[in-house]
Structure formats: C-alpha cells, structure tokens
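Have a look at the structure below before the remarks.
No lab work stands behind these numbers, since they all come straight from the coordinates. No experiment lies behind these values; they were computed from the predicted model shown. Cβ placement follows ideal geometry from the backbone for every residue including glycine, while neighbour counts extend to all protein chains displayed.
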Amino acid sequence: MIIIFLLQSCSNENTSQRSGHKKISSIRSLEDPAVYQRDTATLIRAIEESSCVESEYIGFVGRESAVYASFRRLDYLISDSIWLKLSYDRKPVMRAYAYWALLKRNSPLLPKIRGHLKNDRGTFCFYSADVMYKESVSDFVRYLKIDTTRNK
C-alpha cells in the first residue's frame, strides 16, 4: 500500500514538472485574494501561451492536456462575468475557451458572447485526441455542442 502511494506521488510530481506549469494552490486561493489573483493570472497566461484549444485528452495515447487542466481549474475559480471579459481577449484561444466555459455552464451571458464572437475570424488550432486542425472562433462558436444535462 505504501509503495503504491509513493509511486503515485512521484508520478504526479514528475507530471507537473514535465508540463512546465507552476503549481496552483489548493482551495486556499478562494480564501486569500492575493493567492486567488496569482493563481488566476497563472492559469490565464498558460492558456494564452497556447496556440491550440485542447480537449481534455490529446495525442495518440490520450494523455491529459495541461492546457485543458488550466482551463478546468480557471473555470472553477472565476465567474461568468470574468469569462465574458476574457471573451474579448487578444488571443483567439482565450476567446474560444471563454465561450466554451459559458456554454458548459449554460450561462445567461451566452447570447451576448455569441453575438460578438459569431463573426470573429481569429484562428487557432483545435487539438482533440489525435486530430489537430485549424479553426476560427466563429466556427467554434457555431459548431460546439455540449450536453449541459450532465452538469445538473
């Protein structure tokens, strides 16, 4: 039992070191405004530095995506209104993730974000499983569908 725990601990540590991302604080970031601000800035930067919108698992073997992990953590930390602000970001990748977050939440802000992104010609690569292709923000908004009933 102890050996399994040690192997798991080493594996998690190596994964975070290989990904090159800073470790994000735990639940404390919700209690400490300075930690919250640092964590959200780190996560936003990680997404903005990517040229691709990535699904949860990528590559031939389906490894967990570090960019998607940043998106998932950021989605937990920030409100719909901040996602709306991020939908005006200079990076098309961030604009797409902002739409995705609000769609997942079935947010009442969806019509507003759809309105301004429906003609957005910014492009990014989309990476899902072992498929990568070029996508425009407007096409991403037009074709992304999510089963929101699973979140309820």
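Values for this structure:
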quantity: Amide H contacts of residue 59 (H built 1.01 Å from N, under 5 Å, at least 5 apart or other chain); calculated: 129, 130, 131
quantity: The range 109-118 - phi-based ³J(HN,Hα) in whole Hz, Karplus 6.51/-1.76/1.60, Gly and Pro as x; calculated: 7, 3, x, 5, 5, 4, x, 8, 9, 5
quantity: For 80, 130, 39, order by how many other beta-carbon atoms lie within 10 Å, fewest first; calculated: 130, 80, 39
quantity: Scattering curve values for the range 28-151, log₁₀ I(q)/I(0), Debye with Cα scatterers, q = 0.11 Å⁻¹; calculated: -0.36
quantity: In order through the range 54-59: 3J(HN,Hα) via Karplus (6.51 cos²θ - 1.76 cosθ + 1.60), integer Hz, x for Gly, Pro; calculated: 10, 6, 4, 10, 9, x
quantity: Tally of Lys pairs whose C-alpha atoms are under 15 Å apart, taken over the range 28-151, 8 or more apart or cross-chain; calculated: 4
quantity: In the range 44-124, chymotrypsin sites (Phe, Trp or Tyr not before Pro) in a DSSP loop with at most 15 other beta-carbon atoms within 10 Å; calculated: 60, 88
